[in-house]
1. I'd like the full set of residues that are under 15 Å from B:I3 (Cβ atoms), touching a helix residue (DSSP H, G or I) at 6+ places or on another chain (Cβ under 9 Å) and outside any strand (DSSP E or B), limited to segment A:15-56.
2. Name the single residue, out of those in segment B:39-63 being hydrophobic (A, V, I, L, M, F, W, C) and closer than 19 Å to B:R8 by Cα, that is farthest from the other protein chains (Cβ to nearest Cβ).
3. Please work out which residue is surrounded by the most Cβ atoms within 10 Å (Cβ to Cβ), limiting yourself to segment A:1-16 and to residues that are β-branched (V, I, T) and facing chain B (nearest Cβ under 9 Å).
4. For the condition out of contact with any His (no Cβ under 7 Å at 6 or more places or on another chain), more than 7 Å from every other protein chain (Cβ to nearest Cβ), buried (at least 19 other Cβ atoms within 10 Å of the Cβ) and touching a residue at least 12 places away in the same chain (Cβ under 8 Å), what is the one hit in B:I72, B:I66, B:I76?
5. Answer yes if at least one residue in segment A:69-84 is within 11 Å of chain B (Cβ to nearest Cβ), out of contact with any Ser or Thr (no Cβ under 6 Å at 6 or more places or on another chain) and of a type in the set (A, V, I, L, M), and no otherwise.
6. Within segment B:1-26, work out how many residues are surrounded by 13 or more Cβ atoms within 10 Å (Cβ to Cβ), aliphatic (A, V, I, L, M) and either more than 25 Å from A:V27 (Cα to Cα) or more than 14 Å from every other protein chain (Cβ to nearest Cβ) (or both).
7. Within segment A:26-58, how many residues are touching a strand residue (DSSP E or B) at 6+ places or on another chain (Cβ under 8 Å) and over 19 Å from B:Y54 (Cα atoms)?
8. Out of all the residues in segment B:1-27, which are within 13 Å of B:T71 (Cα to Cα) and of a type outside the set (V, I, T)?
Amino acid sequence: MKIFQVENRLVATARITQLENNRLLVVREKGGSRAVAVDPIGCKEGDWVIAVGSSAAKDAAGHSKYPSDLTIVGIIDYWDGDETTGAVT
Amino acid sequence: MNIMRVVRDLVTTHRVSGLGAKRLRVLEDAKGNIEVAVDAVGARAGDFVITIAYSSARIATGDPRITTDLTIGGIIDDWDETRWHGPARAET
């Protein structure tokens with residue numbers, strides 16, 4: 001699992017039906033690389049979250065046929081973005 | 001999943017049967033890297049799209065037998081160049 005910070009919601013009206021009506025969020029890793037994740041729990045902007053990839057992402061999003069490669073599985077109660085590297089400038 | 005932009009259509013008449021008759025698009029990411037994806041929604045050149053990778057890409061096409069590793073899963077309603085590159089873009 002990886003730690004991400006939620007940047008903002010993503011609206012995509014034209015989408016494949018398999019994605020259903022789940023929320024999609026733009027998340028950013030501490031290093032700066034950005035990704036899009038399925039949000040089955042309801043995160044706010046600025047939340048630090050943990051997300052799973054590979055086949056666990058499908059199950060975490062609801063069922064094994066769900067086409068997700070990154071799904072948020074938890075909101076971290078307390079996380080200081082600077083605490084491990086100390087240099088997010 | 002990632003945010004990418006459609007560059008243009010891609011026509012390959014001669015292809016493996018595993019790709020079926022799926023439409024292909026050339027995409028670029030924020031750094032300018034080029035990728036090819038199966039288009040399951042009907043995106044046009046210039047559209048910002050969400051791409052689904054790995055084995056989920058096969059489910060996203062609607063037929064898990066399709067041999068792809070990248071599929072367009074949706075067209076983003078509201079996205080632009082400045083947000084795409086973000087404040088972290090610091091090329092020298």
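Bear in mind these aren't lab numbers, they're just calculated from the coordinates by the rules spelled out. Bear in mind that the values here come from a model prediction, so they are computed numbers and not experimental data. Here the Cβ positions follow ideal geometry from the backbone for every residue, glycine too, while neighbour counts run over all protein chains shown.
1. Within segment A:15-56, just A:L19 meets the criteria.
2. B:A45
3. Step by step, filter segment A:1-16, then rank; the result is A:I16.
4. B:I72
5. Looking for residues that are within 11 Å of chain B (Cβ to nearest Cβ), out of contact with any Ser or Thr (no Cβ under 6 Å at 6 or more places or on another chain) and of a type in the set (A, V, I, L, M), one finds at least one in segment A:69-84, hence yes.
6. 5
7. The number of residues fulfilling the criteria is 14.
8. Within segment B:1-27, B:M1, B:N2, B:M4, B:R5, B:L19, B:K22, B:R23, B:L24, B:R25, B:L27 meet the criteria.
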